[in-house]
Structure formats: C-alpha cells, structure tokens
Amino acid sequence: MTRRLAEVARKVGVSEATVSRVLNGRSGVSASTRTAVLTALDVMGYERPTQLRGERARLVGLVLPELQNPIFPALAEIMGNALAQQGFTPVLCTRTAGGVSEAEYVELLLQQHVSGVVFAGGLYAQADAVHTHYHRLVERKIPTVLLNAAVEHLGLPQVSCDDVVAVEQAVSHLSSLGHEKIGIVLGPPDHVPSQRKLTTFRTCMEKAGLTAAEDQIEHGMFSIEGGHAATARLLPRGVTAVLCSSDLLALGAIRAARRHGLSVPGDFSVVGYDDSSLMNCTDPPLTTTRQPIEAMGRAVVELLVKQINGGTVAAEELLFAPELVVRGSTARAIPAPR
C-alpha cells in the first residue's frame, strides 16, 4: 500500500497524504485532484478501493481492428488528442489474430470503469458476427460511439463517411475516362459498408448505361494480399479498371495487375478508399476517396463526451461527405480494337 501511494503521488504530483485522503473518501481534496488520483490508479493498473469502484474513471477505450492499415493509427491520433483536450485519457485496444478479442477488451474496459468506448472498424459492421458485447455496453449505459456503418439493431450513435457519395464519385470518374467494364473489390459479404458500396455500384453502373455483372464483383479481406487475390480473379474477365474499398486493397490490385504484365494506369486503372498516409508517394500515386477523418474523429469525441456529461445523443448515423483525390493510378481507357 505504501509503495502504491508513493507511485500514484509521484504520477499526479501531490503528496501521499492527499492520495490517502482520496482513497479513503475523506474531504479536503479538490474535485480535479480527486479525479487525477483516480485516473492515475486506473492507468497504472491498480484496483480502486471498493467504495470507489462504482464511479467512472476518465478513461476512454479506443477499440481498433489493427494498426497495419494507416487509417487506424491516424484516427487514433485524432481522437486521442481530442479526448486529451477534454481531460480524458485514451486507452488503445488493438485486436490481433489470436490475441485479445473485441469482447474481451470490453470486459477489461468495464473492469477499469471507463467513461466511454469508441469502436472503429469493429465487428459491429459485420452482420454475421457476434454482437453481445455491444448490447452489454448498452445495458450498462456506457457511452459508446461507432465509426462507420453498423448493423441496424445495435441502437448506438455512428459517425460515417458517406459510402453512396464515395462510389458515385469513383464510378463517374472511371466512366468519364472511357472505362466500360469496371470491377469492384469489397470486404466480406456481410460487411455493411461493403454492402452499401455494392448497392450503389450497381445503381451507378446502370445509370451510366454500363453492366455490373457478378463476374465484376469480388470480396476479400482488407489487406494487400486480399486485394491482390481478388484482382487476380477479375483480370481474366476483361475489367479495365477496379474500384477498391480500401487503400490496402488498391495496393494489392496494382500488384496483381503488374504480375499479369499490365501497367498502371496505362493498361489498368485503380481507385482506392481512405486516402491513408503515403498514398501520394506510392508508384503510381494512388487515386483514392478521402475520408474526412479529422472532422469525423472530432465528431466522435463530441458525441461521446456529450453522453458522458449526461446529454442525450440520438442513436442515428451522422454522415460526412468524402472527396475523390485524383492522382496517377487512373487514366483513359485504351479503346478496344475494332
């Protein structure tokens, strides 16, 4: 106990006597100091005294699927900074294959008495996944916000990039370049944003007088390898351009085209999605849909903090408009020989 008092006191910059007063629920300590001591306990992994465990810590869980995709570290940085400005400490929870699951992270965060949780790219977007841990957060009335489209029955606020506008822009760009047989590479079939993109893709192709046959549609995991495999299946079917639902998928598509002896964009055009870091430095620089992650990340924090402070937030989706950034991976289609 003495060692714990000393460590917490050093971290907060107060005396051990002050820490002791907080832990024993005594008066004579300001609200800000009391909060700082309790937050330090949580961050350092110490259990709160029994009489204090019902109170929320000023911790917010940021649950991400991985950090290999540059979009997720960028989002974590934006939301983490915005939370810190509001006096909250972000706790980064990253899922890895064979590691801690999303549901297990939720249990750990509940044990730490977090003030709220943000999910980005989680199982909430997959219709066939288990969603019990989200219902648990709702039942416990833990403020929660989801980033990008979710299945319908969760009843949680969402901040999303408008998938419909994104696909409309991309298809319009490729068709204006003369591409007629355009392919699309999506995430898993039960992935809600991918489902939205596919529905819009079919509608846009029809409006442009183009076909969107089943052999122009492929699904895969969100990775370079997934994009390579999906595009390798599309290329023998005669597609001249592909719209990918992530930048990593797009990089895989470029690799697949080159393995098939095609140049990008001379023979084959590729459009990505996210505009994650360094996409302007790839070879060629990637034409991609830019998610407004700065505005989206700040909106997530605003919605979360409003809930934490006792405000009411509707369980609806807040849509942000994307922007197509045209770079060097798309070019005019080569006319078919007559």
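The values are calculated or read from the model by the stated rules, or taken from the named source; none is laboratory data. In this text the structure is predicted, and so the values were computed from the model without any measurement. Note that we place each Cβ from the backbone using ideal geometry, even for glycine, and neighbour counts take in every protein chain shown. Keep in mind that these areas ignore ligands, DNA and RNA; they rest on the heavy atoms of the full protein, side chains included. Shrake-Rupley method; radii C 1.70, N 1.55, O 1.52, S 1.80 Å.
For the stretch 96-114, the set of residues classified as in contact with a helix residue (DSSP H, G or I) (Cβ under 6 Å, 6 or more places away or on another chain) and either in a helix (DSSP H, G or I) or within 30 Å of residue 163 (Cα to Cα) (or both) consists of 102, 103, 106, listed by residue number.
When each of 304, 318, 235, 278 is tested for being part of a strand (DSSP E or B) and more than 20 Å from residue 173 (Cβ to Cβ), the lone residue that passes is 318. So, residue 261, is that one of a type outside the set (Phe, Trp, Tyr) and surrounded by 24 or more Cβ atoms within 10 Å (Cβ to Cβ) or not? When the stated conditions are applied, residue 261 does not pass them. Considering the stretch 280-312, and only residues there that are closer than 23 Å to residue 163 by Cα, over 19 Å from the mean Cα position of the chain (by Cα) and open to solvent by 20 Å² or more (accessible area, probe 1.4 Å), the residue that is modelled with the highest pLDDT turns out to be 285. Of the residues screened, residue 295 is not one that is over 16 Å from residue 148 (Cβ atoms) and either in contact (Cβ under 8 Å) with a residue 40 or more places away in the chain or part of a helix (DSSP H, G or I) (or both).
Listed here are the residues, each with its yes/no results for (1) within 23 Å of residue 317 (Cα to Cα); (2) of a type in the set (Asp, Glu); (3) surrounded by fewer than 21 Cβ atoms within 10 Å (Cβ to Cβ).
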{"position": "155", "(1), (2), (3)": "yes, no, yes"}
{"position": "166", "(1), (2), (3)": "yes, no, no"}
{"position": "179", "(1), (2), (3)": "no, no, no"}
{"position": "182", "(1), (2), (3)": "no, no, no"}
{"position": "185", "(1), (2), (3)": "no, no, no"}
{"position": "190", "(1), (2), (3)": "yes, yes, yes"}
{"position": "195", "(1), (2), (3)": "yes, no, yes"}
{"position": "199", "(1), (2), (3)": "yes, no, yes"}
{"position": "225", "(1), (2), (3)": "no, yes, yes"}
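Cβ-Cβ contacts under 6 Å between residues 6 or more apart (or on different chains), taken from a first residue in the stretch 17-43 that is free of Cβ contacts under 8 Å to residues at least 12 places away in the same chain and assigned to a helix (DSSP H, G or I) to a second residue that is of a type in the set (A, V, I, L, M, F, W, C) and surrounded by fewer than 20 Cβ atoms within 10 Å (Cβ to Cβ), are listed as 21/29. If residue 222 satisfies every condition in (1) more than 23 Å from residue 148 (Cβ to Cβ); (2) touching a residue at least 60 places away in the same chain (Cβ under 8 Å); (3) among the aromatic types (Phe, Trp, Tyr) but one, which is the exception? Looking at each condition in turn, residue 222 falls short on (1).
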